[in-house]
Amino acid sequence: MQLNRLVAFHKTMGDPTRVRIVILLAKGPLHGQAIAGKLGLSAPTITHHLKKLRDVHVVYERRDKNIIYFYLNESMIKQQAQELTKLLETRGEELDEMMEISLERQKVIQNFFTKEGKLKNIPAQRKKKLMVFEHMVQGLSMGKKYGEKEINEYIKQFHDDYATIRREFIINHYMYRENGIYELNPEEMWAKPE
């Protein structure tokens, strides 16, 4: 687990409204208006908080006709709790390792991407390649279904060889494909650069 992800998760969960949303969703999926009504808050306020929770993969959404339902990603919450517990048990030794990995990842991103965010070339070394792909999928939303054309356009913002990268997303379990529809897999399924 990357240190910056652990920090982002806990920073996001440090808001009382977001904790209340998580408690509501623990009882089952709800749409935004229902959450707003139960918490006595405006729809834009709930939308803001749901976006923050989606960014750290605590919630994901599924569309049912014209209504978007939000679901709690319990496995992510449990995973974050386990990571924090592991850090306490190792007395910081793993934290040092995580910081090293985080620095290495930053270096790889700086070396392989231009300042404008374009991928210069696909790394040959597997570890670096996975770091690059993981960086690229960060802009995709958990629970959203993407058509092939939409995924191609998304990848083209990074690199012109969208077919190769799209294939790599599937091979390395970042995404799942069925009948030309792509969906982001939970992070636990992604290939690990170890």
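The values are calculated or read from the model by the stated rules, or taken from the named source; none is laboratory data. Predicted model, so just to flag it, every value in this text is computed and none were measured. Note that we place each Cβ from the backbone using ideal geometry, even for glycine, and neighbour counts take in every protein chain shown. Note: areas computed on protein heavy atoms with side chains; ligands, DNA, RNA excluded. Shrake-Rupley method; radii C 1.70, N 1.55, O 1.52, S 1.80 Å.
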When you go through (1) open to solvent by 90 Å² or more (accessible area, probe 1.4 Å); (2) polar (S, T, N, Q); (3) within 23 Å of V58 (Cβ to Cβ) one by one for N185, which number turns out not to apply?
-> (1)
So, in the range 118-127, of the ones that are of a type in the set (D, E, K, R) and free of Cβ contacts under 8 Å to residues at least 60 places away in the same chain, which residue ends up most open to solvent (accessible area, probe 1.4 Å)?
-> K120
Among (1) of a type in the set (A, V, I, L, M, F, W, C); (2) in contact (Cβ under 8 Å) with a residue 24 or more places away in the chain; (3) closer than 18 Å to M131 by Cβ, the one test that I181 misses = (3)
Candidate set: the range 46-82, residues that are hydroxyl-bearing (S, T, Y) and under 17 Å from the mean Cα position of the chain (by Cα); chosen: the one farthest from P186 (Cα to Cα) | Y71
Would you be able to tell me the number of residues in the range 139-178 that are of a type in the set (F, W, Y), open to solvent by 20 Å² or more (accessible area, probe 1.4 Å) and in contact (Cβ under 8 Å) with a residue 12 or more places away in the chain?
-> 2
For the range 50-80, how many residues are over 18 Å from I23 (Cβ atoms) and crowded, with 20+ Cβ neighbours inside 10 Å?
-> 0
Within the range 38-49, can one find any residue that is among the basic types (K, R), surrounded by fewer than 17 Cβ atoms within 10 Å (Cβ to Cβ) and touching a helix residue (DSSP H, G or I) at 6+ places or on another chain (Cβ under 9 Å)?
-> yes
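Condition check ((1) in a loop (DSSP other than H, G, I, E, B); (2) farther than 30 Å from Y71 by Cβ) across all residues:
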site	(1), (2)
I109	no, yes
I122	yes, yes
M142	yes, no
E150	no, no
E168	no, no
H173	yes, no
E188	no, no
Quick count over the range 22-60, residues being in a helix (DSSP H, G or I), among the β-branched types (V, I, T) and touching a residue at least 40 places away in the same chain (Cβ under 8 Å), is 1
